[in-house]
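Undergrad: Handing you this structure, nothing more for now.
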Amino acid sequence: MWASLAGIATRMATPAATSPVTLEMANELRILILEDEAAAADLLEWELRRSKIPFTARRAATKEDYVRGLEEFAPDIILSDYTLPNFDGMQALRLARARVPHVPVVIVTGSINEETAVECMKAGAADYVLKEHLGRMGPAIHGALEKKQAEARLWQSEELLRLITYNVTDLIAILDLEGKRLYNSASYKQILGDPQSLRGRSSFDDIHPDDVARIKQAFQETVRTGIGQRGEFRFLLNDGSVRYIESQGSVIKDDKGKVDKELVVSRDVTERKRAEEEVRQSEKRFRALIENSSDAIALVNPAGWVLYAGPSTERILGHANEDFVGRRIFELIHPEDRERTISLLNGLAQNPGHAVRIECRVQHKDGSWRWMEGTGKNLLSEPGVESIILNYRDITERKLAEGEIQKLAAFPLYNPNPVLELSSHGALT
C-alpha cells in the first residue's frame, strides 16, 4: 500500500487558492469512483493528479458497475457521488461496509446538509467533500487512509490482545476506580463462571471475607500512588470451595496521565499451595520421626562428608550437630575398621537404591570407642535427598555382653576340672 504520507497541505478552500498536496507512495492508489456523469468523474481525476496523488481509477456509473468494481478492482479507497439515478451514497456505503469493510468511502456531492452529512458519517463514511470544494480531496483522501491505517493498527492490537487473553490461563481483569469489573478474560470461566456475567460487579464480592480488607487496601494504594501492588488472596466460590490466587495490579492512565482504571493479572495457585502444604506436612512428619527416633540418622555424600545429622547424634556420640555436620565421617572410624567401612560405602555409592549393613567402631567425643550397627542406603539419585542415608545405633553394651558370654562359654572347654550346673533345688541340670 503506502510507504508513507507526507506534506499534506492545510485545508484548501478552492483549487486556485491552495498549494498541491504531496503524497509519497510506494504504489499507485486504486480508486473506485462511483459517478454517473463522466465529466464529473474526469474532474475528480484531474483534481487527484493536481494533488500529485499517484493512482489508478475505475469509474462505476450504476449499482451493477459498482458491485463489480468492489469485487474485481479491489479498491484502496472509494469516492462516491451521493445522488445517482436509482442509487445513492447511503446504499453505496452499505454495500461497501458489507463487501469491503476495510476500504474507506469518501462521499462527493454537489450539496449536502448537516443532517445528511452526520447520517453519512454514522453509516461509516470516512469523510465528505463538496464538489465546489474539490481542493479538499487530497486532505480528505489522506485523512481517510490515515484513519484506515490507525484502525488497522488498533484492530491488530485488539486482535493480539484478544488472542492473548483468550489463550492464556492467567486471569486478566480491568477494573474501574471503585473495583467494578469492566473486562474479564475468558480464563475466568473456569473459576467464576461466564466472564460477561461478571461485568459491572464488584471484584471484591468474589474474595474471601477474611481477605477483602487487605486486598481493598492494596487496590486503593495502587490507585492512589500509581504503583502496582502484588497480593495473595482467596476466591470463595458458590459451592463453598476456595481457590488461592496470586495477583499483580497496575494502573491504566488517561491521556492526561491520570489514573483511569486498574489492570489486574492473577493466577490460580491452588494446586501449588496444596503441594506446598503437603511438603510442609511431610517435612513435619519426617522431623517428628527423626527427632523422636532412638537411632541416629545422618546424610553423607559419596566422599563421606556429613551433610545432615539427626538430634540423636549428640546423645549417641556426644557431638553437637553443628560440630558433626561438615566433618568427614571416616575420621571418626576406628583405624582397624576404617578401610573396610570406606570400601563398603564406595561400593554402595555405585549402586543407586541399594543398601548395606555396616558395623564398626566410632570414636565418641570423650575419646572412647563405641560400637555402631546400622544400614546405609544409596539415595543419591532421589530428588531432595541426593545423599547416602545412614541409620545407626550404639551396640557397645551388647558387644560387651557378647564378649562376656563368649568367655563363659569358653570356660568349660579349657577348665581341666569337671564343671557341673545345678538348679536352685540342687538338682543336676
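The values are calculated or read from the model by the stated rules, or taken from the named source; none is laboratory data. All values reported here derive from a predicted model rather than from experimental measurement. Counting neighbours? That spans all protein chains shown, and the Cβs are built from the backbone with ideal geometry, glycine included. Remember, those area values only see protein heavy atoms, side chains included, never the ligands or the DNA or RNA. Shrake-Rupley method; radii C 1.70, N 1.55, O 1.52, S 1.80 Å.
Undergrad: Using heavy-atom solvent-accessible surface (probe 1.4 Å) with all chains present, what is the largest-first order of Phe286, Phe324?
TA: Details: Phe286 105, Phe324 5 Å².
The ordering from most to least exposed comes out as Phe286, Phe324.
Undergrad: May I pose another question? Over the stretch 146-272, average the accessible area per residue using a 1.4 Å probe and give it in Å², no decimals.
TA: That works out to 63 Å² per residue.
Undergrad: Something else about it: Based on the alpha-carbon gyration tensor of the stretch 268-363, what equivalent-ellipsoid semi-axes (square roots of 5 times the eigenvalues) come out, in whole Å, largest first?
TA: So the equivalent ellipsoid measures 31, 18, 11 Å along its semi-axes.
Undergrad: Let me ask another. If I fit a long axis through the Cα atoms of helix 63-72 and take the longest principal axis of the Cα atoms of the chain, what angle between them do I get, 0 to 90°, rounded to 10?
TA: Compared with the principal axis, the helix lies near 40 degrees.
Undergrad: Give the cross-link partners of Lys407 among the lysines, using a straight C-alpha distance below 28 Å as the criterion and excluding same-chain residues fewer than 8 apart.
TA: Correct list for Lys407: Lys399.
Undergrad: Let me ask you something else. Pairwise over distinct Cα atoms, reciprocal of the mean inverse distance: report the Kirkwood radius of the stretch 50-149 in Å, one decimal place.
TA: Result for the stretch 50-149 stands at 13.7 Å.
Undergrad: Let me ask something else about it. Express the C-alpha Rg of the stretch 349-429 as a ratio against the empirical globular expectation 2.2 N^0.38 Å, rounded to two decimals.
TA: Details: Rg = 21.6 Å, N = 81, 2.2 N^0.38 = 11.7 Å.
Rounded to two decimals, the normalised Rg is 1.85.
Undergrad: Among Lys189/Lys273; Lys63/Lys122; Lys148/Lys256; Lys253/Lys273; Lys216/Lys284, which pairs are too far apart, with a Cα-Cα distance over 31 Å?
TA: Over 31 Å Cα-Cα: Lys253/Lys273; Lys216/Lys284.
Undergrad: The stretch 186-241: D in µm²/s via Stokes-Einstein (Kirkwood Rh, Cα pairs, 10 °C, 1.306 mPa s)?
TA: Working: Rh = 12.5 Å.
This corresponds to a translational diffusion coefficient of 127 µm²/s.
Undergrad: Pop out the Kirkwood hydrodynamic radius of the stretch 193-291 from its pairwise C-alpha distances, inverse of mean 1/r, in Å to one decimal.
TA: Numbers: mean 1/r = 0.0633 Å⁻¹.
The Cα-based Kirkwood calculation yields 15.8 Å.
Undergrad: Using the eigenvalues of the Cα gyration tensor, what equivalent ellipsoid semi-axes result for the chain when each is taken as the square root of five times the eigenvalue, whole Å, largest first?
TA: Calculated on Cα positions only, the semi-axes equal 95, 25, 19 Å.
Undergrad: Please calculate how many Å² of accessible area the stretch 273-429 carries per residue, with a 1.4 Å probe and no DNA, RNA or ligand atoms counted.
TA: Normalised by residue count, the accessible surface of the stretch 273-429 is 65 Å².
Undergrad: Highest first, please rank the peptides 103-110, 209-216 by the mean number of other Cβ atoms sitting within 10 Å of their residues.
TA: Most protected by this proxy first, the peptides run 103-110, 209-216.
Undergrad: Once the Cα atoms of the stretch 108-180 are picked out, what are the Rg and Dmax in Å?
TA: 19.4, 58
Undergrad: In addition: Report Rg(Cα)/(2.2 N^0.38 Å) for the stretch 47-106, keeping two decimals.
TA: The value comes to 1.11.
Undergrad: Can you give the accessible area of Thr83 in Å² (nearest 10), computed on protein heavy atoms with a 1.4 Å probe?
TA: Spelled out: Thr83, probe radius 1.4 Å, area about 100 Å².
Undergrad: State the percentage of accessible surface on the stretch 72-188 attributable to carbon and sulfur atoms; use a 1.4 Å probe and exclude ligands, DNA and RNA.
TA: 54
Undergrad: Give me the angle, in degrees from 0 to 90, between the Cα long axis of helix 137-167 and the longest principal axis of the Cα atoms of the chain, rounded to the nearest 10.
TA: Tilt of helix 137-167: around 20 degrees.
Undergrad: Just to verify a number: what accessible area does Glu314 come out at with the full protein assembly present, 1.4 Å probe, Å² rounded to tens?
TA: Spelled out: Glu314, probe radius 1.4 Å, area about 100 Å².
Undergrad: I'd like the orientation of helix 396-414 relative to the chain: the angle between its Cα long axis and the longest Cα principal axis, in ° from 0 to 90, rounded to 10.
TA: Compared with the principal axis, the helix lies near 30 degrees.
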